[in-house]
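Some notes on the structure that comes next.
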Amino acid sequence: MDMKILVVGGGGREHAIAAALSRNSEAGIYSVMAKKNPGIARIARECCIARETDLEKVAAFAKKTGVTHAVIGPESPLEAGIVDRLEKDGIACVGPTRAAARIETDKAFCRNLMAEHHISGNPEYRVFHDADEAIAFVKNHDGDLAIKPIGLTGGKGVRIMGEQVDTAGAIDYIREIKGDVVLEERLKGEEFTLQAFVDGTHIVPMPLVQDHKRAFDGDTGPNTGGMGAYSMPDHRLPFVAKNDLTAALSIMISVVAAMAKEGTPYKGILYGQFMDTKEGPKVIEFNARFGDPEAMNVLSLLASDFPGIVTAITDGTLSASKVAFEPAATVCKYLVPEGYPSSPQVNRPISLGNAGKALLYYANVEESGGALRTLTSRTLAFVGKAATLEEAEKIAEQAASSVQGSVFHRRDIGTRALLERRIAHMKEL
Ligand code: AMP
Ligand code: GLY
């Protein structure tokens, strides 16, 4: 029987998921998304435009279409319990239950789990339920802290002392949060992302990726959902030593084991955001899903049958032999509306130029009558894939700069100059 797979979500990440699921496969793709993504709409047999957190609508569409499996893209439906809901109807899901998704949705849960199970890579941290106590701690603490609301913030909720705020700014921010807050030691080093397929017990890593959170070239400007990312042909990053990669993977293996021990086994995609420090990798956070843009890098490289991996994840039969990635470099560049993220220019026409060999993933963009218009979030992305980083960057850059309209992108992602800076920074520590 051919598989029928529901993809939940409508961003660039979900376009990459849908494209990878349908590549060399007969699987039927169905989509639920809040806003019609033209790329997903072209792949899917049927789309349902609905909020991804509207569990009853998603479940009704799943039932109507007879999907057997679901892949959940974003975190908000996971937090709402979409996996619990779909599994009640016998639909096998790539994604954790609501309880297991707390690894992302509750930062205190994540830190406490790591501490209780003596998992390495946890920074010094404290959880506060009272703003005055948190403020007193900031005042008496020697050194910079990272300030994090406990729940989901779309990657924009963290303030780093010494980077974005001073002590007074930190105190104001804690007052503004008006809820539980985690204070952590400020980590120094280079960030990397390690994503893995997990079936509850087994974990199979994907190529390392480095994302770029800041809006502008040279890592300046406000934090965004992610402006683009790159990966290397050897699936590693030149500033991450082999033993640091091994340590990061072993932290993820320990977390998966701890989740099983706690009675909330973890299944789906586990995304580890690490800071490679001079003491080795430390955990910045875990996400319960693919990264966006990082999914576009790794899924553009996936050489094995993705529906087969979906089955292995949901059956608990995942093994490294079922997962292969092409030995190529990738560079992903997002185009975003002028003014993004604070005041994006909405409803502006854009036109695609010559994309060359680049892969195109649509995100938050309106298509009507063959014309594209910007919306409030990231618009679309190009991925260059080639034998070397330099070639991959050229492909992505040429495609991105051929787009006309009120959008911009980062020119430095995937360039040799940026990579050299990362390597030099790591050596400095
Ligand atoms: P998050 O939303 O937890 O991914 O954090 C957003 C960004 O804040 C990360 O990508 C890091 O650049 C930064 N960050 C988070 N936690 C820390 C930390 N403990 N030390 C330094 N930077 C951090
Ligand atoms: N690119 C970071 C994230 O998806 O959370």
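The values are calculated or read from the model by the stated rules, or taken from the named source; none is laboratory data. This one's a predicted model, so the numbers in the text were calculated from it and none came from an experiment. With ideal geometry, Cβ positions are generated from the backbone for all residues, glycine too; neighbour counts draw on all protein chains shown.
Considering only residues that are among the polar types (S, T, N, Q) and surrounded by 15 or more Cβ atoms within 10 Å (Cβ to Cβ), which ones fall in region 148-166? Spell out the reasoning first.
Here is the first cut: in region 148-166, the residues among the polar types (S, T, N, Q) are 153, 164.
Once the filter is applied, which keeps residues that are among the polar types (S, T, N, Q) and surrounded by 15 or more Cβ atoms within 10 Å (Cβ to Cβ), region 148-166 yields only Q164.
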* Single condition P344 does not satisfy, out of (1) over 30 Å from G90 (Cα atoms); (2) in contact (Cβ under 8 Å) with a residue 40 or more places away in the chain; (3) of a type outside the set (S, T, N, Q) -> (2)
* Which residue out of G225, G218, G189 is buried (at least 17 other Cβ atoms within 10 Å of the Cβ) and either touching a Pro at 6+ places or on another chain (Cβ under 6 Å) or on the phi > 0 side of the Ramachandran plot (or both)? -> G189
* Asked: What tally of residues in region 95-108 results from selecting those that are away from ligand 2 (no atom under 16 Å from the Cβ), touching a strand residue (DSSP E or B) at 6+ places or on another chain (Cβ under 9 Å) and more than 10 Å from Y266 (Cα to Cα)?
  -> 1
* Quick one: K139 ticks every box in (1) within 24 Å of N223 (Cα to Cα); (2) part of a helix (DSSP H, G or I) bar one, so which box is it? -> (1)
* To do: Check G308, G280 and return the single one that is touching a helix residue (DSSP H, G or I) at 6+ places or on another chain (Cβ under 7 Å), over 26 Å from L380 (Cβ atoms), more than 16 Å from ligand 1 (Cβ to nearest atom) and touching a residue at least 12 places away in the same chain (Cβ under 8 Å).
  => G308
* Which residue, of C110, C93, is at pLDDT 95 or above and touching a Leu at 6+ places or on another chain (Cβ under 8 Å)? -> C93
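Only one residue in L270, L299, L318 is buried (at least 21 other Cβ atoms within 10 Å of the Cβ), over 24 Å from D217 (Cα atoms), within 16 Å of ligand 1 (Cβ to nearest atom) and not basic (K, R), so which one is that? First the steps, then the outcome.
Values: L299 fails: within 16 Å of ligand 1 (Cβ to nearest atom); L318 fails: within 16 Å of ligand 1 (Cβ to nearest atom).
Testing whether each residue is buried (at least 21 other Cβ atoms within 10 Å of the Cβ), over 24 Å from D217 (Cα atoms), within 16 Å of ligand 1 (Cβ to nearest atom) and not basic (K, R) leaves just L270.
What strands (runs of 3 or more DSSP E) lie completely within region 363-429 and have 2 or more residues being at pLDDT below 95 and within 18 Å of V346 (Cα to Cα)? Walk me through it before giving the result.
On the way: elements: 365-368, 371-374, 380-386.
So the answer is none; nothing clears 2.
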* Structure fact -> In the set T374, T330, the lone residue that is in contact (Cβ under 8 Å) with a residue 24 or more places away in the chain, among the polar types (S, T, N, Q), buried (at least 20 other Cβ atoms within 10 Å of the Cβ) and under 21 Å from H235 (Cβ atoms) is T330
* Could you look through region 204-233, keep only residues that are away from ligand 1 (no atom under 11 Å from the Cβ) and touching a Phe, Trp or Tyr at 6+ places or on another chain (Cβ under 6 Å), and pick out the one that is farthest from G414 (Cα to Cα)? => V204
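The rows are residues; the columns are (1) more than 14 Å from ligand 2 (Cβ to nearest atom); (2) in contact (Cβ under 8 Å) with a residue 12 or more places away in the chain; (3) out of contact with any Gly (no Cβ under 6 Å at 6 or more places or on another chain).
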position: K178; (1), (2), (3): yes, yes, yes
position: G189; (1), (2), (3): yes, yes, yes
position: M206; (1), (2), (3): no, yes, yes
position: G221; (1), (2), (3): yes, no, yes
position: G225; (1), (2), (3): no, yes, no
position: Y230; (1), (2), (3): no, yes, no
* Asked: For region 24-71, how many residues meet the condition of being modelled with pLDDT under 95 and either of a type in the set (D, E, K, R) or within 19 Å of G225 (Cβ to Cβ) (or both)?
  -> 1
* Residue selected from region 113-136 under the condition in a loop (DSSP other than H, G, I, E, B) and in contact (Cβ under 8 Å) with a residue 12 or more places away in the chain, by the criterion surrounded by the fewest Cβ atoms within 10 Å (Cβ to Cβ) -> H129
